[in-house]
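**Student:** The following block contains the structure, expressed as structure tokens.
The values are calculated or read from the model by the stated rules, or taken from the named source; none is laboratory data. Quick caveat: nothing in here was measured; it's all calculated off a predicted structure. Note that we place each Cβ from the backbone using ideal geometry, even for glycine, and neighbour counts take in every protein chain shown. Note: accessible area is taken over every heavy atom of the protein model, side chains too, but ligands, DNA and RNA are not part of it. Shrake-Rupley method; radii C 1.70, N 1.55, O 1.52, S 1.80 Å.
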Amino acid sequence: QVQLVESGGGLVQPGGSLRLSCAASGIDFRRSYMGWYRQAPGKQRDLVATITSGVGSTNYADSVKDRFTISRDNAKSTMFLQMSNLKPEDTAVYYCHVMGTSYWGRGTQVTVSS
């Protein structure tokens with residue numbers, strides 16, 4: 001059974017930082033192409049960042065470039081999203097996804113507000 005469990009969300013002030021984690025089980029994580037998505041209220045779910053298997057090449061949405069960093073620890077089957085200089089428009093539910101599959105986590109809420 002595939003499980004993707006996100007954690008690390010919360011309430012943070014503009015300019016602050018958060019680190020999200022996605023713990024995966026039931027998949028060959030080391031060989032999985034992984035990604036983070038987010039969905040704000042009333043909006044579609046958008047891609048935030050991806051990281052390949054192997055060398056771990058990364059890709060980012062323009063809106064988060066130079067502020068967010070995606071990474072992975074294959075030994076712990078865990079993916080991370082380090083978010084800095086957070087803005088109110090980053091407020092959303094953040095989801096972990098195995099790219100090219102139907103596997104999604106349940107999401108973790110990130111709220112950026114003063």
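**Student:** So, restricting to strands (runs of 3 or more DSSP E) that lie completely within the stretch 53-93, which ones have at least 1 residues that are touching a residue at least 24 places away in the same chain (Cβ under 8 Å)?
**Tutor:** 68-73, 78-83
**Student:** Of the residues that make up the stretch 10-18, is at least one among the hydroxyl-bearing types (Ser, Thr, Tyr) and more than 9 Å from the chain's Cα centre (by Cα)? Walk me through how you get there before you give the answer.
**Tutor:** Restricting attention to the stretch 10-18, the residues satisfying the condition of being among the hydroxyl-bearing types (Ser, Thr, Tyr) are 17.
Checking the rest, the ones that are also more than 9 Å from the chain's Cα centre (by Cα) come to 17.
The answer is yes, given that some residue of the stretch 10-18 is among the hydroxyl-bearing types (Ser, Thr, Tyr) and more than 9 Å from the chain's Cα centre (by Cα).
**Student:** Among the numbered criteria (1) in a loop (DSSP other than H, G, I, E, B); (2) at pLDDT 95 or above; (3) not basic (Lys, Arg), which one does residue 109 miss?
**Tutor:** (1)
**Student:** OK, next. Working only within the stretch 83-96, note down all residues that are touching a Leu at 6+ places or on another chain (Cβ under 9 Å) and open to solvent by 10 Å² or more (accessible area, probe 1.4 Å).
**Tutor:** Residues satisfying the conditions are 84, 95.
**Student:** Further, regarding this structure: Taking into account only those residues within the stretch 100-114 that are within 14 Å of the chain's Cα centre (by Cα) and either more than 26 Å from residue 14 (Cβ to Cβ) or among the basic types (Lys, Arg) (or both), which is most open to solvent (accessible area, probe 1.4 Å)?
**Tutor:** So, considering only residues that are within 14 Å of the chain's Cα centre (by Cα) and either more than 26 Å from residue 14 (Cβ to Cβ) or among the basic types (Lys, Arg) (or both), the one most open to solvent (accessible area, probe 1.4 Å) is 106.
**Student:** Might you let me know whether the stretch 54-76 holds any residue that is of a type in the set (S, T, N, Q) and at positive phi?
**Tutor:** no
**Student:** Of everything in the stretch 11-41, what is among the charged types (D, E, K, R) and surrounded by 12 or more Cβ atoms within 10 Å (Cβ to Cβ)? Give them in sequence order. Lay out the reasoning, then the answer.
**Tutor:** Residues of the stretch 11-41 that are among the charged types (D, E, K, R), as a first pass: 19, 28, 30-31, 38.
Scanning the stretch 11-41 gives 19, 38.
**Student:** Next question, about the same structure. Give the residues of the stretch 54-82 that are surrounded by 14 or more Cβ atoms within 10 Å (Cβ to Cβ), of a type outside the set (Phe, Trp, Tyr), within 23 Å of residue 3 (Cβ to Cβ) and in contact with a strand residue (DSSP E or B) (Cβ under 8 Å, 6 or more places away or on another chain), sorted by residue number.
**Tutor:** 70, 71, 72, 77, 78, 79, 81, 82
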